[in-house]
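Visitor: Got a structure for you, written out below as structure tokens; questions coming shortly.
Read the figures in this text as sums done on the coordinates, not as results from a lab. Predicted model only: the values in this text are computed from it and were never measured. We place every Cβ from the backbone using ideal geometry, glycine too, and count neighbours over all the protein chains shown.
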């Protein structure tokens, strides 16, 4: 039985970055292979390779830049000069993807994309990947990607849309962008990128298992199955491990190589000479066939998940050494020497030169200014230019198109008798489609059927299937598509069929759509107007999933605008304002449509028709935050409300006038995020008593924000009550009205104030 060779002391070093660094130096110093005749720039770097000597030299330098940025980050993190250590070591082969694609191919990147970024920087002269990356590592406000808000791989001129430490949440919007590239041709929209662009999306093998990734793959297949073009290149960088959980051997190939309508390619990302042609085939296939393409790129992971991941504590030295032996930079060094492109001395000199450049850039970045002012930090999160927004909302220069769509002057909606909420939303959507030819409306059942509640009825007939279309039943992808269309300059109006269904896909808005302006320092934006059938009080239908009142999940998303109308004229004007916010300021907006009020015609008694409203003419709009006030001179009581609680509060006010003789001011807030705290304070200050009618649950609704505004304005000592739903799911049928606020609850709360 042979003895096991002892592990050299150097390899027991807990600092694996130092080990990998020394491994490269020793590998080059001790190399004793046979050197070939130096190839010309346009000749194969090694016989049989598609990678030329020129290609290889560029790729190898990009690999070195990526590696030394990692090494620099590990050293300077302990000195508090660098604030991010998730590295790209072992993944440097993704530089091949960058070299073989264009800088105008929108890219949504895995966080181990240092090689890709270094190589893409070559596409435009005068750009410095080392300095730009160092500024990002140092959280300097001079960072051109995020302005110091996060370490991201991103670049506006290079069409790399910034991602944070994503798992798989960027895959749906990458597919959405690919679909949008093709959709533009069908609607006559001019793209900001070439017509034959592809969308690139990279991720790890562990991330491929995530539900968000799987929904993106499924939708890609669903799209291709119907022969709809979707030129997305999914790059799975398979290093065999997710932090500490190993991927089963050959799992990615077994899972993806046989999928119908997701075309599979494999490439060795550890070997530039071998892998280059394999990557080139995948890129060419995606660009020419316009089909979703899955590139399985073999990588490895050395130096651990991040600087805080001390693998030596949970992996044996022998296992670590075996992984480190697959370091792609060792193979690249061998190619560099064998091809005759470098001598040992020249190779080590370049290695050290890149190291010095990275450390020099890091020291310079450390001296650059940081974000120290709160206003500066949040500036790109929620831009708002009220004069421009209001002017855009009022703009009504599409009269001829309206006449054609509505069928003549006499059929314009403002010429018709007052109608209910659903009809006026429908009219407003027709108007938006006339005003903005880049508008798209999509979701489940929205096309020929016109939506579950017929709110989108007629749009498909008027504007055809290229602009109004059904999607598969998948809210995550609906919102991923919306982001893709927005990325390509369109105005998407995604519909989420019920508020309860939004929660399945919340992170597409929270983590992706609303964060883009913030993490790109305002350079990228994805404007959209998301419509959601919402709230409770559906009589005889639904239970919880059709009577969801969880508005808090939306109000907690930074930068999101949330509007909720209670009547048709308000809805039309709010939609104009929300569309203007999207167009002018790139805002992501949510429009909550109270289902129970869609068809409501009466207010106080059957047949009175007092909840029908006239359609406001196209130049009429509503400023963001503007409330509607009923009985503005009333002083005895103010009721703050929204949505379904507005007609309830008006009925309660009438009853209180009769029983107590009180004059009651009813304030329909209409805008739930941001709340108009100034208006709330004004009304609270002018009235003797305060009731907050909140349809949300006691533990989390809108009422907390209203009461906070009252208290912080100094009116907390006034008699105040909150009427709110019970902390439970909404049950079926009549039992629903036991857990939701009622007219009687509002009356009782007011009377308890004395």
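Visitor: Over all alpha-carbon pairs in region 9-371, figure out the percentage whose distance exceeds 36 Å.
Guide: That fraction is 19 percent.
Visitor: Mind jotting down the distance between the C-alpha centroids of region 70-102 and region 219-289, whole Å?
Guide: Taking the Cα centre of each part, region 219-289 and region 70-102 sit 23 Å apart.
Visitor: How far is helix 568-585 tilted, in degrees, relative to the longest principal axis of the Cα atoms in the chain, given as a value from 0 to 90 rounded to the nearest 10?
Guide: 30 degrees
Visitor: How much length is gained on full extension from residue 449 to residue 403, taking 0.36 nm per residue of separation minus their Cα-Cα distance?
Guide: 14.2 nm
Visitor: With an 8 Å Cα cut-off and a minimum separation of 6 or more residues, compute the relative contact order for the chain in percent.
Guide: Result for the chain is 12 percent.
Visitor: Let me ask another. With labels modelled as points extended 7 Å from the Cα through the Cβ direction, what inter-label distance (nm, one decimal) is found for residue 470 paired with residue 395?
Guide: 3.4 nm
Visitor: In deg cm²/dmol and to the nearest 500, what is the mean residue ellipticity at 222 nm of the chain if only DSSP H runs of at least 4 residues count, each as -39500 (n - 2.57), divided by the residue total?
Guide: On the way: 26 runs with 290 residues, N = 754.
Only helices count here, giving -11500 deg cm²/dmol.
Visitor: For region 20-64, what class follows from the C-alpha gyration tensor (a ≥ b ≥ c being the square roots of its eigenvalues): rounded when a/c is under 1.5, otherwise prolate if a/b is larger than b/c, else oblate?
Guide: oblate
Visitor: Additional query: Would you mind ranking 577, 645, 372 so that the residue whose beta carbon has the fewest other beta carbons within 10 Å leads the list?
Guide: 372, 577, 645
Visitor: To test your reading of the geometry: what angle, between 0 and 90 degrees and rounded to tens, separates the Cα axis of helix 16-30 from the longest principal axis of the chain?
Guide: The angle comes out near 30 degrees.
Visitor: A follow-up question, please. What shape does the chain have by the C-alpha gyration tensor, where a ≥ b ≥ c are the square roots of the eigenvalues, rounded means a/c under 1.5, and otherwise prolate means a/b greater than b/c and oblate the rest? Intermediate values should be presented prior to the final figure.
Guide: Details: a/c = 2.53, a/b = 2.00, b/c = 1.26.
In terms of gyration-tensor shape, prolate.
Visitor: Moving on. For the pair residue 381 and residue 15, how long in nm is the line joining their label points, each one 7 Å along Cα→Cβ?
Guide: 3.8 nm
Visitor: For helix 328-338, report the angle its Cα long axis makes with the longest principal axis of the Cα atoms of the chain; keep it between 0 and 90° and round to the nearest 10°.
Guide: The angle comes out near 40 degrees.
Visitor: With 10 angstrom as the radius, rank 135, 597, 421 by how many other C-beta atoms surround their C-beta, starting from the fewest.
Guide: 597, 135, 421
Visitor: I want to verify the translational diffusion coefficient of region 628-751 in µm²/s; compute it with Stokes-Einstein, Rh as the Kirkwood radius over Cα pairs, at 37 °C and 0.692 mPa s.
Guide: 229 µm²/s
Visitor: Which percent, to the nearest 5, of DSSP beta bridges fully inside the chain are antiparallel?
Guide: Of the beta bridges lying entirely in the chain, close to 20 percent run antiparallel.
Visitor: Can you figure out the FRET efficiency of residue 251 with residue 42, using R₀ = 56 Å and their beta-carbon distance, to the nearest 0.05?
Guide: 0.90
Visitor: Relative contact order for region 100-228 using alpha-carbon pairs under 8 Å, separation at least 6, rounded to a whole percent?
Guide: 29 percent
Visitor: Of the DSSP beta bridges with both residues in region 214-318, give the percent that are antiparallel, rounding to the nearest 5. Present the calculation step by step, with values, prior to reporting the outcome.
Guide: Numbers: 2 of 14 bridges.
The answer is about 15 percent antiparallel.
Visitor: Extending each Cα 7 Å along its Cβ direction at residue 388 and residue 363, get the distance between those two points in nm, one decimal.
Guide: 4.2 nm
Visitor: Determine, for 294, 737, the number of other Cβ atoms within 10 Å of each Cβ, and report the residues in order from fewest to most.
Guide: 737, 294
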